[in-house]
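**Student:** Quick one: the structure is below, questions incoming.
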């Protein structure tokens, strides 16, 4: 059980995705490439004891165990849309707090321009690591101002429970205005960097997955359109796909990108 | 050598027909009992796509199997298997046209034009249509055996397009395990034909040169 105080700013009229769908239809390649596999295979993940080390361009590098990390700021429940780069979406209540709380605590130096998240990569716990689909460990990153945005949520639970393993337990990011893969799961390391980090999907196919990967209906994936999406658990067979919104509907973040050509920096 | 009598053959064919229909029935039943998972359309698209490739491979395996076992009656099952490949391809295409585009043909064609993996998949499907249409005995007669055979050999190219479609679909997610297995099977099935063709050519070549030598004055 892990119930955060509901934050009324992030309530939503959209229907919440059924818990069963959100926990059995996952992209978590460390546990297999099929969407049903994470739920089947992630039982082997040991989420305690767990530590997250914070390194790089910070005045106070530290290693935090899960309990101290969870107590760092008050836990909130926020309902966010989740838009996968594959063209489907969900609506999920998450429990966590703004990543900015953690960033402020470790005091980044003036050199810190980017933040990098590293997912656990342990072959004993994660059968998918034997497959060469990606370079392990899984690495994701944000620009500093993106990471400081209050929407960027350091997340420990969903639906009032601690995160199920297949959803990135015990601690993950949720960055709702970007495609789902930008939100690293099962984080063991957070680094503050001068340079833009080399992120997993960008390394694999830079022409398909940009560093920013903001949800953007006007920039198609080379192999499918991003203009529409199918809402999992809500849309039936005969429902037309819904229109994808710029920044997944989170227009607050637009100011982060003023003057940037989002077709070039997709 | 196994050689079924007409009654046994009919039974075998009916059983095979029922088996070949199972993947489709499974989708229908799953749809009714809500077992298609969180993303039913994706499930149907993938399943019908997979079964198209399976049936193309099974159809292409008939001739090698016949040659290796000497069971010549297998050839009489090939048309049905080929038509099942078309049936699943048509279901696959219909799912795409219906549930992805809601019969908006312009949108669909834009998608076909813009995305190479859809382009090749679409071409492969269109090329399958004449094969399905000319699968009747009457059409074989009307076309003449030679021309009919020539037309139906385009299936070698079609299966390669189908493979490419599958490969590209998986390329973005770097997930090549299944395409590699499929590709190997298709490659073996096609290379066997190349091997037989070259062997036959060499043998007729030898026979011809033997004839030529005999004719030479001594």
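None of the figures in this text is laboratory data; all of them are computed from the coordinates on show. If you're wondering where the values come from, they're calculated on a predicted model, not measured in any experiment. Glycine also receives a Cβ, built like all others from the backbone with ideal geometry; neighbour counts cover every protein chain displayed.
**Student:** Please report, in cubic angstrom per residue, the volume enclosed by the convex hull of the alpha-carbon atoms of chain A.
**Tutor:** Dividing the Cα hull volume of chain A by its residue count gives 125 Å³.
**Student:** On a full-extension model of 0.36 nm per residue, what is the gain between residue B:21 and residue B:184, subtracting their alpha-carbon distance, rounded to one decimal in nm?
**Tutor:** Contour length minus Cα-Cα distance gives 56.1 nm.
**Student:** Mean shadow of chain B, computed from the convex hull of its alpha carbons, in nm²?
**Tutor:** Approximately 18.0 nm², given one-decimal rounding.
**Student:** Once you order the gyration tensor axes a ≥ b ≥ c over the Cα atoms, which shape class does segment B:42-127 get: rounded for a/c under 1.5, otherwise prolate or oblate by comparing a/b with b/c?
**Tutor:** Prolate, since a/c reaches 1.5 and a/b exceeds b/c.
**Student:** Over all residues in B:98-104, what is the mean tally of Cβ atoms on other chains that come within 10 Å of each residue's Cβ?
**Tutor:** The mean count of partner-chain Cβ atoms within 10 Å per residue comes to 3.
**Student:** Under a plain spin-label model, where a point goes 7 Å from the Cα along Cα-to-Cβ, how far apart in nm are residue B:198 and residue A:16?
**Tutor:** 6.5 nm
**Student:** Can you give me the distance in nm between label points at residue B:143 and residue B:34, each placed 7 Å from the Cα along the Cα-to-Cβ direction?
**Tutor:** With each label placed 7 Å out from Cα toward Cβ, I get 4.7 nm.
**Student:** By how many degrees, between 0 and 90 and to the nearest 10, does the Cα long axis of helix B:105-114 differ from the longest principal axis of chain B?
**Tutor:** 60 degrees
**Student:** Can you pull the Rg over Rh of segment A:182-251, Cα-only, Kirkwood?
**Tutor:** For segment A:182-251, the value is 1.05.
**Student:** Rounded, prolate or oblate: which one fits segment B:13-59, using the alpha carbon gyration tensor with axes a ≥ b ≥ c (rounded when a/c is under 1.5, else prolate when a/b beats b/c, else oblate)?
**Tutor:** Oblate.
**Student:** Would you mind putting B:113-120, A:4-11, B:97-104 in packing order, based on average other-beta-carbon counts within 10 Å, highest first?
**Tutor:** Final packing ranking: B:113-120, B:97-104, A:4-11.
**Student:** Can I ask one more? Averaged across B:28-40, how many Cβ atoms of other chains sit within 10 Å of each residue's Cβ atom?
**Tutor:** Partner Cβ neighbours, averaged per residue: 3.
**Student:** Taking only the alpha-carbon positions of segment A:103-148 and ignoring solvent, what does the Debye formula give for the base-10 log of I(q)/I(0) at q = 0.19, 0.31 Å⁻¹?
**Tutor:** -0.69, -1.16
**Student:** Considering every residue in A:223-230, what mean count of other chain Cβ atoms within 10 Å of its Cβ is obtained?
**Tutor:** Taking the mean over all residues of the peptide, I get 4.
**Student:** Nearest 10 degrees, 0 to 90: what angle lies between the long axis of helix B:6-32 and the longest principal axis of chain B (Cα atoms)?
**Tutor:** Roughly 20 degrees, rounded to the nearest 10.
**Student:** Where the centroid of each part is defined by its Cα atoms, how far is segment B:86-111 from segment A:1-71 in Å?
**Tutor:** 37 Å
**Student:** Which angle between 0 and 90 degrees, to the nearest 10, do you get for helix B:78-95 versus the longest principal axis of chain B when only C-alpha atoms count?
**Tutor:** Between the helix axis and the principal axis of chain B, the angle is about 30 degrees.
**Student:** Kirkwood hydrodynamic radius of segment A:1-142 from all distinct Cα pairs, in Å?
**Tutor:** 17.5 Å
**Student:** Express in whole angstrom the spacing between the alpha-carbon centres of segment B:31-58 and segment A:202-218.
**Tutor:** Cα centroid to Cα centroid, the span is 28 Å.
**Student:** Once the convex hull of the alpha carbons of the protein assembly as shown is built, what does its volume come to per residue, in cubic angstrom?
**Tutor:** Normalising the Cα hull of the protein assembly as shown by residue number yields 220 Å³.
**Student:** Compute the distance in nm between two label points, each set 7 Å from the Cα along the Cα-to-Cβ direction, one at residue A:143 and one at residue A:240.
**Tutor:** 3.5 nm
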